[in-house]
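These notes concern the structure reproduced below.
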Amino acid sequence: MLSPLARIGRFSLEQLAGMGRMFLFLFSAFAWTFRPPARLRLIVYHVRSIGVDSLSVVLLSGVFTGMVMGLQGYYSLRKFNAESFLGSAVALGLLRELGPVLSAFMVTGRTGSAMAAEIGSMKVTEQIDALYSMAINPIQYLVSPRIIAGLISMPLLTAIFDVVGIYGAYLVGVGLLGVSSGSYFAGMESSVVFHDVWSGLLKSVSFGLIITWVCCYKGFNAPPMATGVGQATTESVVLCFVLILIWDYFMTSVML
Amino acid sequence: MIKVVDLHKTFGGQAVLKGIHLELEAGKVTTIIGGSGSGKTVLLKHLNALLLPDRGSVLVDGKDITKLGERELNEVRRKFGVLFQGAALLDSMTLYDNVAFPLREKTKMSENEVRKRVEERLAQVGLAGMGYKYPAEVSGGMKKRAGLARALAMEPEIVLFDEPTTGLDPLLGKSIHRLIRKMHTTFGFTGVIVSHDIPEVFEISDRVAMLANGVIAEAGSTQEFVASKNQVVRQFLQGDMEGPLTVL
């Protein structure tokens with residue numbers, strides 16, 4: 001029987017070892033990215049799968065997030081007779097925080113989970129062993145192109161989320177609640193600086209890395225049993241959400 | 001051609017291989033038999049370093065593959081073709097693309113040459129005209145055939161078969177055995193089959209080795225093996241509940 005202290009120690013060591021394995025996996029994926037052959041076709045395929053296939057859910061969530069922000073922002077700002085600041089409030093909120101974080105959540109749910117399930121299923125059905133046996137490194141074939149595709153797709157999706165969000169808020173604030181169109185965009189123009197835009201996009205690039213890294217890793221290490229793929233998928237989604245929020249805090253505190 | 005020397009492998013504290021010594025002759029088909037969970041697949045996966053041993057070595061053409069770096073190991077792996085238990089075809093590709101995959105990845109063949117080779121292999125395994133189908137759209141037997149076509153696409157010197165007839169009915173199992181024999185006659189590869197499909201698998205085997213309790217209990221030509229007086233072999237072949245092998 002282990003004492004509670006020993007159990008805590010063992011748990012901590014296991015977690016540390018797990019983190020170590022995750023980082024080694026990431027380093028290996030980066031190392032394989034720069035070794036021939038270049039897998040441009042696969043990168044394009046995964047940009048399509050992460051980017052284009054997530055587009056509808058990003059558009060839908062973007063427009064409704066903007067509409068909610070328009071509503072909430074209008075009623076909050078009206079208390080201070082500051083409705084004309086609606087455009088600034090919505091744009092800053094979306095560009096710096098909500099755009100990158102919510103689009104990353106959408107991509108995690110839409111594509112990250114599928115990624116973990118696909119790779120997990122390949123592991124369980126020995127397809128990954130088959131790649132090794134054909135002298136093809138599965139990290140180079142399966143993981144590196146997905147990570148590159150994640151780095152490319154996420155800022156594009158975030159930019160789309162930001163734009164449709166701003167127009168969603170415009171629809172509610174200007175179209176329904178009577179804020180002037182001129183003040184909506186003028187406020188935005190005067191308060192949003194380039195730093196706000198690129199800090200959000202930089203976050204989205206790092207979220208793209210987190211999503212593809214975590215989901216590929218979890219799929220690659222799916223337990224070889226019937227429930228293994230489901231377990232890997234669930235763990236990858238939960239871990240992505242948590243890491244995105246934690247990493248968002250650190251990036252925000254550095255880039256403010 | 002392949003020599004296994006004092007191979008040990010433990011999983012989670014449980015010793016599966018406890019000092020395997022085995023020689024696999026070039027150009028012959030050797031079948032490794034043994035009870036379920038005896039470590040046959042584990043042993044097979046050591047032959048092309050899909051698993052690495054805790055101790056011992058695997059010599060392929062005199063080279064210890066357990067000590068090779070990635071690049072050298074890949075060179076050795078190109079000598080191998082593997083038919084996995086569930087065929088392990090890539091789900092996202094058609095049967096044609098699965099067979100073409102190693103050719104496109106590992107050779108400089110033109111797409112015309114690839115097409116010629118793939119169509120030839122698919123025809124040899126009885127899948128002519130079926131290349132457009134995805135693995136999910138075909139039966140277990142067809143998957144195994146496509147897996148065999150992929151394993152033979154690169155004309156390997158050594159082919160590993162992991163339980164090639166598992167999950168198939170006796171007639172389909174027999175057809176897969178015949179196919180393996182036919183392909184062996186055509187290509188002359190060194191074959192290693194892991195199976196407990198007894199005695200059917202003996203028809204296509206030149207040699208048989210039996211794995212029991214983590215070691216090779218008996219190995220020899222098929223005739224010698226069948227006539228063996230070894231108690232472990234006799235109990236296994238006759239399916240006796242009583243004997244040196246523990247039956248749960």
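The values are calculated or read from the model by the stated rules, or taken from the named source; none is laboratory data. Here the structure is a predicted model, which is why all the values come from computation and not from measurement. Glycine gets a Cβ as well: all are built from the backbone with ideal geometry, and neighbour counts include every protein chain shown.
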Residues satisfying the stated conditions in region B:75-84, i.e. more than 7 Å from every other protein chain (Cβ to nearest Cβ), in contact with a helix residue (DSSP H, G or I) (Cβ under 8 Å, 6 or more places away or on another chain) and not aliphatic (A, V, I, L, M): B:GLY81
Per-region count, region A:121-158, residues over 21 Å from A:THR234 (Cα atoms), more than 13 Å from the chain's Cα centre (by Cα) and small (Gly, Ala, Ser): 4
Only listed residue being more than 11 Å from every other protein chain (Cβ to nearest Cβ), touching a residue at least 24 places away in the same chain (Cβ under 8 Å) and touching a His at 6+ places or on another chain (Cβ under 6 Å), chosen from B:ASP6, B:ASP54: B:ASP54
Pairs with Cβ under 8 Å, 6+ apart, first in region B:14-33 and in contact (Cβ under 8 Å) with a residue 40 or more places away in the chain and at positive phi, second assigned to a strand (DSSP E or B) and of a type in the set (S, T, N, Q): B:GLY27/B:THR190
Cβ pairs under 7 Å, 6+ apart, first in region A:220-237 and over 19 Å from A:ALA29 (Cβ atoms), second modelled with pLDDT under 90 and surrounded by fewer than 15 Cβ atoms within 10 Å (Cβ to Cβ): A:GLN231/A:PRO223
Matching residues, region A:124-137, being more than 7 Å from chain B (Cβ to nearest Cβ), of a type outside the set (Val, Ile, Thr) and surrounded by fewer than 21 Cβ atoms within 10 Å (Cβ to Cβ): A:ASN137
In region B:57-74, residue nearest to B:GLY13 (Cα to Cα) [restricted to those that are away from every other protein chain (no Cβ under 12 Å) and in contact (Cβ under 8 Å) with a residue 24 or more places away in the chain]: B:SER57
Residue check for A:GLU189: at pLDDT below 90, out of contact with any Ser or Thr (no Cβ under 7 Å at 6 or more places or on another chain) and either within 14 Å of chain B (Cβ to nearest Cβ) or assigned to a helix (DSSP H, G or I) (or both): yes
